[in-house]
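Please treat every number below as a calculation from the coordinates, not as lab data. Note that this is a predicted model, so its numbers are computed, not measured. Reconstructed Cβ throughout: ideal geometry from the backbone, glycine too, with neighbour counts over all protein chains shown.
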Protein chains: 2
Amino acid sequence: MRTPRFEVVALPGMPMVNAGDDLADLLLTAIADNGYSLRDGDVVAVAQKIVSKVEGRLLPLAGVTPSNAAIELAAKTDKDPRMVQLVLDESTEVVRHRPGVLIVRHNLGFVAANAGIDQSNIEHGADSEENALLLPLDPDASAAALRAELMERCGCTVSVLITDSHNRPWRLGTVGTAIGSAGMTVLDDHRGGEDLYGRELKVTLINRADALAGAATLVMGETTEAIPAALIRDMATEDSKDTSAMINRPVAEDLFR
Amino acid sequence: MRTPRFEVVALPGMPMVNAGDDLADLLLTAIADNGYSLRDGDVVAVAQKIVSKVEGRLLPLAGVTPSNAAIELAAKTDKDPRMVQLVLDESTEVVRHRPGVLIVRHNLGFVAANAGIDQSNIEHGADSEENALLLPLDPDASAAALRAELMERCGCTVSVLITDSHNRPWRLGTVGTAIGSAGMTVLDDHRGGEDLYGRELKVTLINRADALAGAATLVMGETTEAIPAALIRDMATEDSKDTSAMINRPVAEDLFR
């Protein structure tokens, strides 16, 4: 058996992206400019921000009229009522709120601060008008479409992983997280197997997508480094039908609502 | 600037470890057997299980006398009262419990199911007596001691990362998590910086240790693959004084007790 190993490579040099840009083309150019070409088994990891920008999810806050509920919640969380309105629009329930903190269950099913809406590293209007960047409407679909484009142009079987940085309840510091994917095994299921001593394995559903998103995010950097994509090489994929939506723990099993 | 990239390599071929074994020696042998030799900047990731075994943290359940509280909680969680007693001994508070689920705050400060006590991939007595493997008493200290041994023998500056697999509240599938470390930057702090557009960065404390633990755990495998160590190469370290205990979010900031 081949020794398991994989490589995570940043893809610097991409231009700032805009709504309607051809993301597959920008990624293939970045991959080539960094001396690589896609091959079977590669995972192309892309930061949510550029997927959202390409999909036109950048909104001016000036166009948002906050409801009374948003105004009230904004007062409790020290946030802009228009931002809070967007968070409420993008979510199904408020999980926790405190001054400075607004954690919700996103329409996409996962739990995230501010519904993943971002105000950093996005263009703001010259007249100081604020913008907000929403998550892609359907990141698994975005990943599938991007994967199809990349596979057609490279003639090989690759996966796509869309990453975002999340905070967690009990652990400081953000980690990269999978919010969309196509082609890769997301949950690696060993349940029902046996351990080395013949004992039944109990906890053996391994989240491969989140682990790879965390690794990719490390080389992307999350600040001013402007590297919104990475290549993960030699982490074998199985041309899986898994999606990142599979990661969401069912609400009925949520012990922390 | 060098393009950020790193490599994660499994270190198969290690023998089953026992209490008192020389872990540094076993790791250096595995590294050499896999065709590598340690060099500056390498991170040696080690699964908690073998650190715990070497430190003699394998206990026979037969020696545990459960308290009334443990017996009561065991009935509510469908668990062995002796296991529950160990979990209570290893923890400061029960965070959530349900049939089949016992989530506690470990004495080490993090929140984990069953206080990280493991009954898989450990030897059980020939007379069907059960064993349980507790976490190392002080994984950061274990990492520091192992690091000192490795550095003395390789003559280079490396880091050590002790990993465990954790479940999370809202996301299915385990991910590798840092429970101990020495020499590496654990929390990469960009707070107070500016984004690409000159806007203040808000959420920019990056948990590098957990992300690397997740990556390392992917190549280790968590089932019958028996690869309890991995080498992370080219992820620059800064000879940091960080510890993994720094990851624990202060209890006062915990919104999910």
Query raised in the report: Among A:Lys49/A:Lys241; B:Lys49/B:Lys79; A:Lys241/B:Lys79; A:Lys53/A:Lys76; A:Lys76/B:Lys241; B:Lys53/B:Lys79, which pairs are too far apart, with a Cα-Cα distance over 26 Å?
Result: A:Lys241/B:Lys79; A:Lys53/A:Lys76; A:Lys76/B:Lys241
**Report entry** Relative contact order (%) - chain B, alpha-carbon pairs under 8 angstrom, separation at least six
**Finding:** 26
Query raised in the report: How would you rank A:Val158, B:Val94, going from fewest to most other Cβ atoms within 10 Å of each one's own Cβ?
Result: B:Val94, A:Val158
Report summary line: In this structure, the FRET efficiency calculated for A:Glu129 and A:Val101 from their beta-carbon separation, with R0 = 25 Å, to the nearest 0.05, is 0.50
Query - Under-5 Å amide H pairs with B:Leu205, H placed in peptide plane, nonlocal only - result: A:Thr174, B:His190
Requested in this report: Between copies, how far apart are the B:Arg98 label points? List them in nm, one decimal, shortest first, with each point 7 Å from Cα toward Cβ, please?
Outcome: 2.4
Requested in this report: Go ahead and set up a Gaussian network model of chain A, Cα springs under 10 Å, then flag whichever of A:His190, A:His106, A:His166 fluctuates most.
Outcome: A:His190
